[in-house]
Amino acid sequence: MTRSAIANDRIVPIGVYPTPVERIEKLGLWVKRDDLTNPDYGGNKVRKLERLLFEARRRGKRRIVTVGAAGSHHVLATALFGARAGFEVDAVLTPQRSTPHVTENLRADLGLGARLATARTYPGAALGMLARSGRDAYLVPVGGSNGVGALGYVDAAFELADQIEAGELPEPDAVVVTVGSGGTAAGLAAGFALAGIRATVVGVLVSAPAFLVAFWTRRLARHVFRQRARGAGALVRADPSSRLELTARYLGAGYGEPTDAGRHAMSVAADVGLSLDLTYTAKCFAAALDCVHSARFSNVLYWHTLSSAPLAPLLEKAPVDVPPKLAKLLR
Ligand SMILES: *Cc1c(COP(=O)(O)O)cnc(C)c1O
């Protein structure tokens, strides 16, 4: 199956594809530059939102209701691209460790016109979403990781297959990617199975509880695989979750809690011009470096998921301070 075999008319186009693949000779690995999915705000939420916003529109909805930690990349991307696609955006936010990055993202959410509500716990956030739901609302789960959003990463797997076929890079035997809510890793594992890429997806867990995140990610991989295999009329019996290797070794004390290995990986990456964050990509990059040094893999690709677009333009209409109601979420 090639990329042309998959219908791509079921998206609201946001991204610029294919994103480049680059060799970092000094570290002996390849990088898939999904930081460049969009010039205004890139990263991995773009491919998911293309699918999610299309689905919301198809169902005739006017409002997106979503959820995330305060300063969430997913909420920010939804605020930006949801508004551009003509939706109102409501988000319920949960507590998060305070950093300058988190504060800026919160201000950007407000500047982009998102309506923000708060909840102290995850069950509270679920109730908050329900309270904001209604016939005009399309509900998007944390990270945009449901069976619709993850399809964006099935497409991404086919995009990589095309780049391999065109000789831009050799076929990797390990693709290392961050797992927050799991949609990215699940979509890639399913897509690789469909596109005939033999790589192991090394999913690096950065959120907890690890068993639940792992369970959900595997389930989502099987779900989108079946959905896509059926859509393509293919009789495929492979289990995509068998090529998904999930590790909690780099998680440390939990979501948003930095680790020493992450800090080290961040400085190694900075040396070669790659900008990482401590919550997601630094932990993943630490794992990617370990994969390079492991005898198991000879060809490692690190899938970069963090936007590298400057945030300043998104802060133009933002309030200077975070309002007290939202500041209470920052610890
Ligand atoms: C959201 C996010 C992830 C996690 O992706 P999931 O699909 O939720 O697992 C990884 N990296 C960055 C930078 C993110 O913002």
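Quick rundown of the values:
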item: Inter-site label distance for Glu245 and Lys328 at 7 Å from Cα along Cβ, in nm; result: 4.6
item: Calculated FRET value between Glu171 and Asp271, using beta carbons and R₀ = 22 Å, to 0.05; result: 0.20
item: Estimated dipole of region 46-143 in Debye, rounded to 20 [Cβ of Lys and Arg +1, of Asp and Glu -1, Cα centre]; result: 300
item: Extreme residue, positive dipole direction of the chain, given options Leu205, Gln227, His304 (C-beta unit charges); result: Gln227
item: Local net charge near Arg59, Cβ-Cβ under 11 Å (Lys/Arg +1, Asp/Glu -1); result: +3
item: Farthest positive-ward along the chain dipole, Cα basis, beta-carbon charges - from Val16, Met266, Gly111; result: Gly111
item: Fraction of antiparallel bridges per DSSP, the chain only, in percent to nearest 5; result: 10
item: Virtual spin-label span in nm between Asp260 and Ala295, 7 Å along Cα→Cβ; result: 2.7
item: Fewest-first sequence of Asp9, Asp277, Asp109 by Cβ atoms within 10 Å of each Cβ; result: Asp9, Asp277, Asp109
item: Region 124-186-region 237-304 distance, computed between alpha-carbon centres (Å); result: 18
item: Cα shape, region 46-143, gyration tensor, a/c 1.5 rule; result: oblate
item: Summed residue charge, Cβ within 14 Å of Leu315's Cβ, Lys/Arg positive, Asp/Glu negative; result: -3
item: Lys/Arg +1, Asp/Glu -1 at C-beta; the chain dipole; positive extreme among Leu246, Gly147, Ser294; result: Gly147
item: Radius ratio Rg over Rh of the chain, counting only Cα atoms, Kirkwood formula for Rh; result: 0.95
item: Helix-only CD estimate at 222 nm, as mean residue ellipticity for the chain, using -39500 (n - 2.57) per DSSP H run (n ≥ 4); result: -12000 deg cm²/dmol
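Values quoted throughout were computed directly from the atomic coordinates according to the rules given, and no laboratory measurement underlies them. Predicted model only: the values in this text are computed from it and were never measured. Here Cβ is always computed from backbone atoms with ideal geometry, including for glycine, and neighbour counts include all displayed protein chains.
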